[in-house]
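The values are calculated or read from the model by the stated rules, or taken from the named source; none is laboratory data. It should be emphasised that the depicted structure is a prediction, and the values quoted were computed from it without experimental measurement. Because the Cβ atoms are built from the backbone with ideal geometry, glycine has one as well, and the counts that use them run over all protein chains shown. Remember, those area values only see protein heavy atoms, side chains included, never the ligands or the DNA or RNA. Shrake-Rupley method; radii C 1.70, N 1.55, O 1.52, S 1.80 Å.
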Amino acid sequence: MFSASLFERANCAANEERRSVSHQERRIANRLQLVNWCLVAGGALALCTGLAVTTFTLEGLMSREVLTAPALAIAGVWLMQWRWGERPASAMIAFSQMGCFVISAAPLSYIGLGSAMPLQDARFAELDRLLGLDWPAYFHFATARPELLIYAKLFYAMILVPAVGVPVVLGLTRQFIRLQQFVTASTLALCVVIVVSSLLPAIGTYFEFGLPPETELFVANGYGGQARDIPMLRDGTLRALNLAKLGGILTFPSFHAAMALLSIWSLWTIWWLRPALLILNVGMLVSTPLVGGHYFVDVIAGVAVAALTIQASKRLTEVVVASPLALSTQPKSEITGATGRYFLGRYI
């Protein structure tokens, strides 16, 4: 009887500790969620400023693509009323945050490239050469093997996995802090890419090397937007931006490369997903220069941006963990004990 009673007390204590940890995690995730909404608001403010000081105009605000993101946020907040709705609601809100930020970021990338800073294609091609990386040889190797081209286009399209799959998986597995860290890192990465691409614009490898982006066997889908829109942005003929029709025009650093690393990092704690993560995202890294018309240095820079924003999201989590507003009213000494080590070890 003594052993049974001791076991019951230990089990109750363990359950109480788990409930405490879950409560702490939810509060910290909510705090990070608020920070991310502030980033979304900052993106909207930057877009309004950009439209006000330039001749660009914005259309398509009532399109389905634009209205979906805020609708998901409203649905997520409604689902949060019930315990069973916490997981899908967290995924929906995270997806909404990323979608709302992209609504601002996409036209901002056009406005930035409309400043017509000097093109850097020759410089990026030279950097590739100095690194011993031969893009034309890579192109000819790939196009001489038609069986590889299908996989290249498929892997390039895998950018939809982090954009959609990561919020779903992290939300359903109750990794709420990691989910909001992923939103923070992705948002900051897109900010950095837009700023750098605006200051160091480039059209892409097919433009620089005079190679065809369309052949009988292959079409470089990711390159089409930048090849079509960047020259019109630079000469002033493209100033009316339709949100439903904007394409990806960012070259250096590569946002595809950044998202590949962010996807691997965000889901790495789920061990059984690791083989698929590595295959899909390494494949995306390899195919990005070909399908997106990126220089190799674009990919390297994209990975570096992701690494920096991952560290930034972790440091932000440290600030939130240390904040009394994000935690319970426990004394600081208790928070920095076992529970604090749990959070620091898992998310920082």
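Output the number of residues of region 286-312 satisfying the condition of being crowded, with 20+ Cβ neighbours inside 10 Å, modelled with pLDDT under 95 and in a helix (DSSP H, G or I).
Here the count works out to 6.
If I ask for residues that are within 28 Å of D235 (Cα to Cα) and of a type in the set (V, I, T), which ones from region 80-137 would you list?
V102, I103, I111
Conditions tested, residue by residue: (1) acidic (D, E); (2) farther than 15 Å from A105 by Cα; (3) in contact (Cβ under 8 Å) with a residue 24 or more places away in the chain; (4) open to solvent by 80 Å² or more (accessible area, probe 1.4 Å).
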| residue | (1), (2), (3), (4) |
| --- | --- |
| R27 | no, yes, yes, yes |
| C38 | no, no, no, yes |
| A41 | no, no, no, no |
| A44 | no, no, yes, no |
| L47 | no, no, yes, no |
| T55 | no, yes, yes, yes |
| E59 | yes, no, yes, yes |
| V66 | no, no, yes, no |
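Do any helices (runs of 4 or more DSSP H) entirely within region 91-167 hold 1 or more residues that are open to solvent by less than 10 Å² (accessible area, probe 1.4 Å) and modelled with pLDDT of 90 or more, and if so, which?
Details: elements: 121-130, 135-143, 146-156.
Where helices (runs of 4 or more DSSP H) fall fully within region 91-167 and carry at least 1 residues being open to solvent by less than 10 Å² (accessible area, probe 1.4 Å) and modelled with pLDDT of 90 or more, they are 121-130, 135-143.
Considering only region 168-186, state which residues are under 30 Å from L149 (Cα atoms) and open to solvent by less than 10 Å² (accessible area, probe 1.4 Å).
From region 168-186, those under 30 Å from L149 (Cα atoms) are 168-169, 186; that's our starting set.
Within region 168-186, just S186 meets the criteria.
Which of the residues that make up region 197-211 are farther than 27 Å from L278 by Cβ, open to solvent by less than 50 Å² (accessible area, probe 1.4 Å) and in a helix (DSSP H, G or I)?
Once the filter is applied, which keeps residues that are farther than 27 Å from L278 by Cβ, open to solvent by less than 50 Å² (accessible area, probe 1.4 Å) and in a helix (DSSP H, G or I), region 197-211 yields S197, S198, Y206.
Can you tell me which residues in region 231-267 are within 27 Å of M62 (Cβ to Cβ) and among the aliphatic types (A, V, I, L, M)?
Selection gives M232, L233, L238, A240, L241, L243, A244, L246, I249, L250.
Results for (1) hydroxyl-bearing (S, T, Y); (2) out of contact with any helix residue (DSSP H, G or I) (no Cβ under 9 Å at 6 or more places or on another chain); (3) over 17 Å from N221 (Cβ atoms), shown as yes or no for each residue.
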site: I249; (1), (2), (3): no, no, no
site: S254; (1), (2), (3): yes, no, no
site: W272; (1), (2), (3): no, yes, yes
site: P275; (1), (2), (3): no, yes, yes
site: N281; (1), (2), (3): no, no, yes
site: G292; (1), (2), (3): no, no, no
site: F296; (1), (2), (3): no, no, yes
site: G302; (1), (2), (3): no, no, yes
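Does A189 fit the bill of being crowded, with 16+ Cβ neighbours inside 10 Å and at pLDDT 95 or above? Reasoning before the result, please.
Working: crowded, with 16+ Cβ neighbours inside 10 Å: yes; at pLDDT 95 or above: yes.
When the stated conditions are applied, A189 passes them.
Out of curiosity, is I230 modelled with pLDDT of 90 or more and touching a helix residue (DSSP H, G or I) at 6+ places or on another chain (Cβ under 9 Å)?
Details: modelled with pLDDT of 90 or more: yes; touching a helix residue (DSSP H, G or I) at 6+ places or on another chain (Cβ under 9 Å): yes.
It is true that I230 is modelled with pLDDT of 90 or more and touching a helix residue (DSSP H, G or I) at 6+ places or on another chain (Cβ under 9 Å).
Has region 232-250 got any residue that is in a helix (DSSP H, G or I) and crowded, with 16+ Cβ neighbours inside 10 Å?
yes
When region 68-86 is examined, which residues are found to be open to solvent by 50 Å² or more (accessible area, probe 1.4 Å) and either at pLDDT below 80 or under 19 Å from T173 (Cα atoms) (or both)?
Hits for region 68-86 are V77, M80, Q81, W82, R83, W84.
With respect to the numbered conditions (1) in contact with a strand residue (DSSP E or B) (Cβ under 9 Å, 6 or more places away or on another chain); (2) modelled with pLDDT of 95 or more, which one is the sole condition not fulfilled by L45?
It is condition (1) that L45 fails.
Mind listing whichever residues of region 212-231 are open to solvent by 30 Å² or more (accessible area, probe 1.4 Å) and in a loop (DSSP other than H, G, I, E, B)?
P212, P213, T215, E216, L217
Cβ contacts < 6 Å: first residue free of Cβ contacts under 8 Å to residues at least 40 places away in the same chain, restricted to region 147-172; second residue assigned to a helix (DSSP H, G or I) and not acidic (D, E), any location; separation 6+ or different chain. Result?
Short answer, once both residue conditions are applied: L148/A142.
Test L262 against the criterion of being surrounded by 16 or more Cβ atoms within 10 Å (Cβ to Cβ) and within 30 Å of L51 (Cβ to Cβ), and give yes or no. Break it down stepwise before answering.
Numbers: surrounded by 16 or more Cβ atoms within 10 Å (Cβ to Cβ): yes; within 30 Å of L51 (Cβ to Cβ): yes.
Answer is yes for this residue.
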